[in-house]
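Student: Supplied in structure tokens, the structure appears directly below.
What follows is calculated from the coordinates using simple rules that are stated; it is not laboratory data. On a predicted model such as this, the values are computed, not experimentally measured, just so you know. Here the Cβ is made from the backbone with ideal geometry for all residues, glycine too, and neighbour counts use every protein chain on show.
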Amino acid sequence: MDLELTSMKLGFQSGLATITFTQAKRGNPIDATFCTEMNQVVQSLANLEGLRAILLLAEGKSFSFGGDLVGFKQAGDQLPGLVRSMLADMNVALSRLYRLPAPTVVGIQGFCMGGMIGLVAGCDYVVAGESTKLGAAFSGVGFSIDTASSSTLTMRMGTARARRFELMAEMLTSSQAAEAGLVDEIVPDDDVVAKATEVATRLASGPTQAYAGIKELFLASSGIHLEQQSELEATILAKVSSSEDSKEGVNAMLEKRKPSFSGK
């Protein structure tokens, strides 16, 4: 089956499902449309017979700039409601994606920022280009985290390292991300898609039921409940997004200046 939507497309061949983000000119942002369509695509995967592996890619120079700051600013006082609406779709999508009985591989290039890192960290195998940079953008714009980042980053990096990454709004090179456990393999920039496809194809021809069991056991052993954690993230972010600091952070980022936070 093939499915083409506004912000992404889905292809399926020989047991391998490929999700490609297609809003390259906008930096593949996470907005309301993206969240709705992500939920739709993952639901399609859940109903797909013969699914054996999932590959995530993105068109353009960068994998994703993260949240749609322009849309957040335009929402004004309605932002908390928008956050809850977006995450209602996104949290269901990601929880289902991580629990699908098929390994997930992602290839990232350019910048991978904010909420998209939470999605990437939840994948089973991450391929990054040599010049790829991964940025924890949330606190830099006065936001708390979402997209199950508190769960997926903890599983990959450990609690202390993940917390530091987010609190300090760090920007990691692909090498630094690999050292921290966030990236599994680094390849030349031009080879990201080919390598990620190679890994996904290999997994798609492997023992699918064994992979499903391995994924389920590691999720259980982590002691992290994705659904509960994601809902807590949504509740806290909706509250934080109405603060003066979050408004200042968004404005400063859009105006390309350093924010001046007041603590309110």
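Student: With every atom except the alpha carbons ignored, what do you get for Rg and Dmax of the chain, in angstroms?
Tutor: That works out to 17.4, 54 Å for Rg and Dmax.
Student: So what is the relative contact order for the chain, in percent, with contacts set as C-alpha pairs under 8 Å and at least six apart?
Tutor: For the chain, the relative contact order is 21 percent.
Student: While we're looking at this one, here's another question. Please build a GNM for the chain, connecting alpha carbons under 10 Å apart, and tell me which residue among PHE218, PHE12, PHE72 fluctuates the most.
Tutor: PHE218
Student: Normalising by the residue count of region 138-196, find the relative contact order in percent from Cα pairs under 8 Å and 6+ residues apart.
Tutor: Across region 138-196, relative contact order equals 29 percent.
Student: Note down the net charge around LEU3, summing +1 for each Lys or Arg and -1 for each Asp or Glu among other residues with Cβ under 11 Å from its Cβ.
Tutor: Once all neighbours under 11 Å are counted, the net charge is -2.
Student: Given +1 on the Cβ of Lys and Arg, -1 on the Cβ of Asp and Glu, and no further charges, what dipole in debye does region 9-93 carry about its Cα centre, rounded to the nearest 20?
Tutor: Around 220 debye, computed over region 9-93.
Student: Still on this structure, please answer the following. Please enumerate, by chain and number, the lysines with C-alpha under 29 Å from the C-alpha of LYS247, excluding those fewer than 8 residues away in the same chain.
Tutor: Straight-line reach from LYS247, under 29 Å: LYS25, LYS61, LYS73, LYS133, LYS239, LYS256, LYS258, LYS264.
Student: Using Cα pairs under 8 angstrom and six or more residues apart, how large is the relative contact order of region 100-186, in percent?
Tutor: Relative CO of region 100-186 lands at 33 percent.
Student: Oh, and also: Which of the peptides 142-152, 126-136, 60-70 is most tightly packed, and how do the rest follow, judged by the mean count of other Cβ atoms within 10 Å per residue?
Tutor: Going from most to least packed, we get 142-152, 126-136, 60-70.
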